[in-house]
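One structure is given below, encoded as structure tokens.
No value in this document is a laboratory result; all are computed from the given coordinates. Keep in mind it's a predicted model, so treat the numbers as computed, not measured. Glycine gets a Cβ as well: all are built from the backbone with ideal geometry, and neighbour counts include every protein chain shown.
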Amino acid sequence: MTEKIDNLIKPYLQKNIAFTFKHKTYKSGKLLLYKLSGNYLSFVIVNEKKKETFEIPFPYSVEGDLSKLQFDYRLDTLAENDFELLIALRGVTKVKNSRFYDSVLTISAL
């Protein structure tokens, strides 16, 4: 999976991109660098104001092409069509709210 992510992200280097959740922009700017560190992907972007580094959790699934990438964090994807596991995952109480919980992050070129 790390090779797949690597191959899908490389074309976005040095391009203006936007990270969005549910059609709302989370971060945007020119992608300078990315790396896998533990269970997180780190990104370095530059926008009009500053250079910024941020991390996102490693996704359950990745799909994409040259126009957009989708990092899937949905519980359905994690359960992989196992209904009992999905029920168990939905029954776990959240410790804190996270925008990644049961959502899809889209990375698109601007």
### Query
Is it true that some residue in the stretch 24-44 is without any contact (Cβ under 8 Å) to a residue 40 or more places away in the chain, surrounded by 11 or more Cβ atoms within 10 Å (Cβ to Cβ) and touching a Gly at 6+ places or on another chain (Cβ under 8 Å)?
no
### Task
Please specify each residue of the stretch 5-26 satisfying the condition of being over 12 Å from Ala109 (Cα atoms), among the charged types (D, E, K, R) and in contact with a strand residue (DSSP E or B) (Cβ under 6 Å, 6 or more places away or on another chain).
none
### Query
Among the residues of the stretch 27-81 satisfying the criterion of being assigned to a helix (DSSP H, G or I) and either of a type in the set (A, V, I, L, M, F, W, C) or in contact with a strand residue (DSSP E or B) (Cβ under 7 Å, 6 or more places away or on another chain) (or both), which is farthest from Ala109 (Cα to Cα)?
Ala79
### Query
Out of the stretch 82-110, which residues are assigned to a loop (DSSP other than H, G, I, E, B), in contact with an Asp or Glu (Cβ under 9 Å, 6 or more places away or on another chain) and of a type outside the set (Gly, Ala, Ser)?
Asp102
### Task
Among residues belonging to the stretch 6-23 that are polar (S, T, N, Q) and either touching an Asp or Glu at 6+ places or on another chain (Cβ under 8 Å) or surrounded by fewer than 16 Cβ atoms within 10 Å (Cβ to Cβ) (or both), point out the one that is nearest to Asp72 (Cα to Cα).
Asn7
### Query
Quick one: what pairs do we get from the stretch 89-110, first residue more than 18 Å from Lys27 (Cα to Cα), second assigned to a loop (DSSP other than H, G, I, E, B), C-beta under 6 Å, 6+ apart or different chains?
Asp102/Arg74
